[in-house]
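The values are calculated or read from the model by the stated rules, or taken from the named source; none is laboratory data. These figures come from a predicted structure and were not determined experimentally. When we count neighbours, we look across all protein chains shown, and the Cβ atoms used for this are built from the backbone with ideal geometry, even at glycine.
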Amino acid sequence: MADIAAAASTTKPRKPVASFMPPFEMPKFEIPNFEMPKFEMPNFDMPSMEMPAAFREMAEKGIAQAKENYDKVKGAAEQATELLEDTYSSASKGCADYGLKVIAHAKTNSNATFDFYSELFSAKSFAEVVEKSSAFVRSQFETMTEQAKDLAECAQKAANDTAEPLKESFTSFGKSS
C-alpha cells in the first residue's frame, strides 16, 4: 500500500494534448428589424333600429315570468331543505333513543346473568343448580319478550316521527296542486 502512495507522489504532471482543430467561431448574423403591419380594426356598428312595442312587451313578460318561476322554485327548494332537516333530526333522535334502550336492556340482562352465576355458585346440589337454571331461563325469556316489545314500540315511534313531516308535506303538496 505504501508502494502505491510512493508511486503516486512520484508521477509527473501530464502536459495538455495538442488539438488538431482550430477553435470554432460562430458566424455573425444581423437580426433583421421587422415591424408589425399597421391596420385598423373594422368597426361593426349595429344599426340602430327601434324594437317594436309588441316584442318589447313580450320580452318584459318573459322576464317577469322567469323571475316569478325562479321565486317559486327557490321557495320549494327551501321548503324541501327544511323538510329534510326535520326528517333527519327526527330520525337521528329516534335512532339515539333506540340505541339507549338497547344499552339499558343489555345492562339489565348482564346484571341478571351475573346475579344468576353468583346464585349458581352457592348451590349445594345438582338439583338446586337445575332448579335455579330453569327459573333463570324462564325469567330471562319473559324479560326478553318484554324488551323486544319495548324495542319494537321504540322503533315504530321513531319511524312514525320520521315519516310524519314527509306525510304532511305530501298531503299539503297534493292539496296545493
Among (1) under 19 Å from A104 (Cα atoms); (2) in contact (Cβ under 8 Å) with a residue 12 or more places away in the chain, A148 falls short only on (2)
Residues T87, T81: which one is assigned to a helix (DSSP H, G or I), under 30 Å from A159 (Cα atoms), touching a residue at least 12 places away in the same chain (Cβ under 8 Å) and hydroxyl-bearing (S, T, Y)?
T87
Check K124 against each of (1) among the charged types (D, E, K, R); (2) assigned to a loop (DSSP other than H, G, I, E, B); (3) in contact (Cβ under 8 Å) with a residue 60 or more places away in the chain and name the one condition it does not meet.
(3)
Mind counting the residues in the range 150-177 that are of a type in the set (G, A, S), surrounded by 13 or more Cβ atoms within 10 Å (Cβ to Cβ) and either more than 28 Å from the chain's Cα centre (by Cα) or modelled with pLDDT of 80 or more (or both)?
4
Does A135 count as surrounded by 14 or more Cβ atoms within 10 Å (Cβ to Cβ), free of Cβ contacts under 8 Å to residues at least 40 places away in the same chain and over 38 Å from the mean Cα position of the chain (by Cα)?
no
